[in-house]
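Enquirer: Take a look at the following structure, please.
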Amino acid sequence: MHLTLSRSARRGALVAALLSSAAGAAFAADAGVVAATAASAATPAVASPPPETAIIVTSRRREESAQAVPISLSVVTRASLERSGQYNIGLLTQQIPTVQVLSSNARNTSVTIRGLGASYGLANDGLEQGVGVYVDQVYYERPGIAVLDFVDIDQIEILRGPQGTLFGKNTTAGALNITTRAPSSTFGADVEGTYGSYNFWQGKATVTGPLAENLSGRLSFVGTRRDGVYRNVTLNKKQNDQNDLAVRGQILYTPTDKLKLRLYGDYANQDQRNCCTQAFVTAGATLKPLGQQFAALAAGIGYKPGSTNIYDRVTDTNGPLRAYQTLGGGSVIADYDLGFATVTSVSAYRHWSWLPANDRDYTSLDIVRQSANPSTQYQWSQELRLGSNGKHVVDWTAGLYYFNQNITTHGITQWGSNASYWLLPTTNSPAALLDGYTQYNNSSITTDSYAAFAEATWNITDKFRISPGVRYTQERKSGAYAQTTAGGLVTSDPTQLKNQLSISRPQAFTAGLSEGDASGRISASYDFTPDVRAYASYSSGFKSGGINMTALPLTAANTPNLASAVVKPEKVTTYDIGVKTQLFQRLLTANFAAFYTDDRDFQANVVDSGPGALRGYLANVKQVTVHGAEADLSTRSIHGFTGYANLAWSEGVYAHFANGPCPLERIGTSTTVCDLSGKALPGLSRWAAAAGVEYRRPATLGAVEGQAYASLDGSFRSSYNSDATDSKYTNIDGYGILNLRAGFKSSGPWEAYVQVKNLLDKNYIQFVSVQSGNSGLVIGNPGDARTVSVTVKAQF
């Protein structure tokens, strides 16, 4: 069953979260989540928070207190990640309400902030994300990083709204600015081991220390494995397992007081041998004749799903599954102090590869025998920045940026013996027509991006300051796509040939674009007191046009629509107002923000309603609007209690989408386009909240002195839709989950704790999608059931 809350229950839960956050006895500074939604504090006349409460961020490419930055942001610290048991970006959604991650596998992953970024759907290499992920100042282009394990993370800054000035590349919705722990000049080591439900194993190890004079290093490792949580009744095996490995190394060299060199290298491997499948959710009614809908088709062939209750976690697919990705690279960051300013160079190379296998019909029938799009990606980037040192009347940062990328995909889709019956009903097509019919697709897209940027803070008075910034980006893209077919029945019958080609037909095209645009931000901030600051900002973002790296949608004449090869650039403007406060001698931090976003020519990943394989392709939504308000609260430790509370209210709609794809319930034999104007933006909950409380006290375990602690974290999301069409069959009910942790930390090097995730064992769905052929079958994945784990760790 879904966890569905009434309106009054939702209000009660949100009010309770806010009241609990305001109770000083329940929260502390080491809660690890501090939202900064207030004005810049850039002059010495403004008091700074004491060191034990200041969260230092680099969201403006310089170190400063999070409370001093005039943008809406949240910070998740290393302590918070450890306390909550989060080990990838996807789990951030349980702690930061404005972040949403939808993923069926590493390639088909979407990260959004405030509902914007990229709509979830079948991956298209021509669609770039709108949420930029940066790790140690390097942009990671592929969204597959969202499902990889964290490696020695120090903190994550979630920057909401366009970050087009200083981060630039594909940050129309926001950015995740991730920093890892730096090498130490003294020896240190951390080891950690966890065992839990579903035979879950996770090991972590880090060692750091001096290597030579002025030279230190750090090496970190994490490995995770877990048995599958699905039972496949056809193949008699467990599916949707985990098998991840990641390693990261750093070297820090400081030959002089003025020069600092940092070298980074990392490698991650995700080899899930039985992943990723989906299970039956529902069979929705379409406008097709009854004989062409799921119930009649299944009955006519004698098919019954392994289970019609998704929470049984039963699947009956009959094809091989695999989710295999590797990600790695290296970078060099050089900082040189010129006195009046510091020059920074960031040089980086990265690669990503994806080798999948998938039974795309998600049944034991032989409809789509295999569907896989193995991909490789390479990227180079170079950034050069110059930023002023110290505090002046005008503080500034300026720089240049270059990015080059190539993505190559060699895909295959093959239909089986049941494909003619299922996909071409009433056409009298023989089974042999599509049995073994195979589509091969080859694509390659190259991007070159150049940018120049500058941002300044004018400290007009001790209390009032203005921060303007601008970035100009020029991008060139070129792409080629070729699709061929083979196998199946060789026929000269024009009717049967037409039926065969309606499933997949040869097509090829090349396309290119070259365009540039300016984006930027201007904010004004005012300090009413040293601890009460307010700001207002206007920011804009730009994402260059995309090239469809997939088969193009078909025209009424059943031919590829070449006009759809290129989509327009996306332009976003956001208005933010916010206030940040620290009250009761800075025991309570309470930050609030409100925003309005207008997104023109939003680049959506939509699905064609043709009879064959689902054709994910790019399309422009003329206008999308999102508005909302956010509250983030935390306090310092009071008598051993710690905690946090975050709340977000958002409303997003397709303001103008006249040529949208049709929802499942409106798909008929001739319906191809539907007006989705006014429909809700997918992936966005109107209400989302997260809160947590922890209590620590001195204790003795046997003869060992230390601290005993217990914590409770909860999160809630109201209903949202996981499909671009806003179909009633792909709507996901609201849900809430609780997590519990209790443990003991010795006064010496070791610590142990027990963690229970989804404490109340609530049923909820993470995402759903529509089966190929639009028969009405909807499949999806449930969230994890209750799990228990034990962790032992030591620091030396």
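Enquirer: Would region 422-431 turn up any residue that is under 26 Å from residue 239 (Cα atoms), in contact (Cβ under 8 Å) with a residue 12 or more places away in the chain and in contact with a Gly (Cβ under 7 Å, 6 or more places away or on another chain)?
Expert: Among the residues of region 422-431, at least one is under 26 Å from residue 239 (Cα atoms), in contact (Cβ under 8 Å) with a residue 12 or more places away in the chain and in contact with a Gly (Cβ under 7 Å, 6 or more places away or on another chain), which makes the answer yes.
Enquirer: Looking at residue 216 and the list (1) of a type outside the set (Phe, Trp, Tyr); (2) surrounded by fewer than 18 Cβ atoms within 10 Å (Cβ to Cβ); (3) without any contact (Cβ under 8 Å) to a residue 40 or more places away in the chain, which single condition is not satisfied?
Expert: (2)
Enquirer: Something else now. Any residue in region 291-298 that is open to solvent by 40 Å² or more (accessible area, probe 1.4 Å) and aliphatic (A, V, I, L, M)?
Expert: yes
Enquirer: What are the residues in region 409-426 that are open to solvent by 40 Å² or more (accessible area, probe 1.4 Å) and outside any strand (DSSP E or B), if any?
Expert: 417, 421, 426
Let's see how each residue does on (1) within 30 Å of residue 126 (Cα to Cα); (2) modelled with pLDDT of 95 or more; (3) surrounded by 22 or more Cβ atoms within 10 Å (Cβ to Cβ):
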position	(1), (2), (3)
432	no, yes, no
435	no, yes, no
438	yes, yes, no
445	yes, yes, yes
450	yes, yes, no
453	yes, yes, yes
460	no, yes, no
468	no, yes, no
476	yes, yes, no
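Enquirer: Read through the list (1) open to solvent by less than 20 Å² (accessible area, probe 1.4 Å); (2) in contact with a Cys (Cβ under 9 Å, 6 or more places away or on another chain), then give the number of the only condition that residue 132 fails.
Expert: (2)
Enquirer: Open to solvent by 10 Å² or more (accessible area, probe 1.4 Å), in contact with a Gly (Cβ under 9 Å, 6 or more places away or on another chain) and farther than 30 Å from residue 228 by Cα: is that true of residue 179 in this structure?
Expert: Against the criterion (open to solvent by 10 Å² or more (accessible area, probe 1.4 Å), in contact with a Gly (Cβ under 9 Å, 6 or more places away or on another chain) and farther than 30 Å from residue 228 by Cα), residue 179 does not qualify.
Enquirer: Among the residues in region 749-760, are any under 23 Å from residue 239 (Cα atoms), part of a loop (DSSP other than H, G, I, E, B) and either open to solvent by less than 20 Å² (accessible area, probe 1.4 Å) or not aromatic (Phe, Trp, Tyr) (or both)?
Expert: Yes, region 749-760 contains a residue that is under 23 Å from residue 239 (Cα atoms), part of a loop (DSSP other than H, G, I, E, B) and either open to solvent by less than 20 Å² (accessible area, probe 1.4 Å) or not aromatic (Phe, Trp, Tyr) (or both).
Enquirer: A further question follows. Here are 109, 98: which of them is in contact with a strand residue (DSSP E or B) (Cβ under 6 Å, 6 or more places away or on another chain), among the β-branched types (Val, Ile, Thr) and surrounded by fewer than 24 Cβ atoms within 10 Å (Cβ to Cβ)?
Expert: 109
Enquirer: Does residue 794 satisfy the criteria of being open to solvent by less than 30 Å² (accessible area, probe 1.4 Å) and not in a strand (DSSP E or B)?
Expert: no
Enquirer: Consider residue 594 carefully, then state whether it is over 30 Å from residue 677 (Cβ atoms) and surrounded by fewer than 23 Cβ atoms within 10 Å (Cβ to Cβ).
Expert: No.
Enquirer: It is to be established whether one or more residues within region 502-510 are in contact with a Phe, Trp or Tyr (Cβ under 9 Å, 6 or more places away or on another chain), open to solvent by less than 60 Å² (accessible area, probe 1.4 Å) and over 28 Å from residue 128 (Cβ atoms).
Expert: Yes, there is a match, as at least one residue in region 502-510 is in contact with a Phe, Trp or Tyr (Cβ under 9 Å, 6 or more places away or on another chain), open to solvent by less than 60 Å² (accessible area, probe 1.4 Å) and over 28 Å from residue 128 (Cβ atoms).
Enquirer: Out of region 139-174, which residues are open to solvent by 10 Å² or more (accessible area, probe 1.4 Å), closer than 23 Å to residue 123 by Cβ and part of a strand (DSSP E or B)?
Expert: Correct list: 140 only.
Quick grid of which residues meet (1) open to solvent by 60 Å² or more (accessible area, probe 1.4 Å); (2) charged (D, E, K, R); (3) touching a residue at least 24 places away in the same chain (Cβ under 8 Å):
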{"position": "678", "(1), (2), (3)": "no, no, yes"}
{"position": "702", "(1), (2), (3)": "yes, no, no"}
{"position": "705", "(1), (2), (3)": "yes, yes, yes"}
{"position": "708", "(1), (2), (3)": "no, no, yes"}
{"position": "711", "(1), (2), (3)": "no, no, yes"}
{"position": "722", "(1), (2), (3)": "no, no, yes"}
{"position": "726", "(1), (2), (3)": "no, yes, yes"}
{"position": "736", "(1), (2), (3)": "no, no, yes"}
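Enquirer: If you go through region 664-676 one residue at a time, how many are surrounded by 15 or more Cβ atoms within 10 Å (Cβ to Cβ), modelled with pLDDT of 90 or more and either of a type in the set (Val, Ile, Thr) or part of a loop (DSSP other than H, G, I, E, B) (or both)?
Expert: Counting residues in region 664-676 that are surrounded by 15 or more Cβ atoms within 10 Å (Cβ to Cβ), modelled with pLDDT of 90 or more and either of a type in the set (Val, Ile, Thr) or part of a loop (DSSP other than H, G, I, E, B) (or both) gives 1.
Enquirer: Does region 250-268 contain any residue that is among the β-branched types (Val, Ile, Thr), over 31 Å from the mean Cα position of the chain (by Cα) and at pLDDT 95 or above?
Expert: Taking every residue of region 250-268 in turn, at least one turns out to be among the β-branched types (Val, Ile, Thr), over 31 Å from the mean Cα position of the chain (by Cα) and at pLDDT 95 or above.
Enquirer: Report, by residue number, each residue of region 630-654 that is of a type in the set (A, V, I, L, M) and open to solvent by 40 Å² or more (accessible area, probe 1.4 Å).
Expert: Matches in region 630-654: 653 only.
Enquirer: Which of the residues belonging to region 258-276 are outside any strand (DSSP E or B) and under 27 Å from residue 769 (Cβ atoms)?
Expert: Those that are outside any strand (DSSP E or B) and under 27 Å from residue 769 (Cβ atoms): 273, 274, 275, 276.
Enquirer: Further, regarding this structure: Quick check on my filter: what residues within region 585-606 are at positive phi and modelled with pLDDT under 90?
Expert: Once the filter is applied, which keeps residues that are at positive phi and modelled with pLDDT under 90, region 585-606 yields 585, 586.
Here's the yes/no breakdown for (1) open to solvent by less than 10 Å² (accessible area, probe 1.4 Å); (2) touching a helix residue (DSSP H, G or I) at 6+ places or on another chain (Cβ under 9 Å); (3) of a type in the set (S, T, N, Q); (4) in contact (Cβ under 8 Å) with a residue 60 or more places away in the chain:
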| residue | (1), (2), (3), (4) |
| --- | --- |
| 342 | no, no, yes, no |
| 349 | no, no, no, no |
| 370 | no, no, yes, no |
| 378 | no, no, no, no |
| 381 | no, no, yes, yes |
| 388 | no, no, yes, no |
| 403 | yes, no, no, yes |
| 407 | yes, no, no, yes |
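Let's see how each residue does on (1) modelled with pLDDT of 80 or more; (2) out of contact with any His (no Cβ under 7 Å at 6 or more places or on another chain); (3) at positive phi:
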| site | (1), (2), (3) |
| --- | --- |
| 51 | no, yes, no |
| 56 | yes, yes, no |
| 61 | yes, yes, yes |
| 65 | yes, yes, no |
| 69 | yes, yes, no |
| 86 | no, yes, no |
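Enquirer: Output the number of residues of region 306-363 satisfying the condition of being within 30 Å of residue 134 (Cα to Cα) and either among the β-branched types (Val, Ile, Thr) or assigned to a strand (DSSP E or B) (or both).
Expert: Residues meeting the conditions: 33.
Enquirer: Another question, if that's okay. Is there a residue being closer than 28 Å to residue 451 by Cα and open to solvent by 50 Å² or more (accessible area, probe 1.4 Å) anywhere in region 482-496?
Expert: Checking region 482-496: not a single residue is closer than 28 Å to residue 451 by Cα and open to solvent by 50 Å² or more (accessible area, probe 1.4 Å).
The values are calculated or read from the model by the stated rules, or taken from the named source; none is laboratory data. Here the structure is a predicted model, which is why all the values come from computation and not from measurement. Positions of Cβ are backbone-derived with ideal geometry, glycine not excepted, and every protein chain shown enters the neighbour counts. Ligands, DNA and RNA are excluded from the accessible area calculation, which covers all protein heavy atoms including side chains. Shrake-Rupley method; radii C 1.70, N 1.55, O 1.52, S 1.80 Å.
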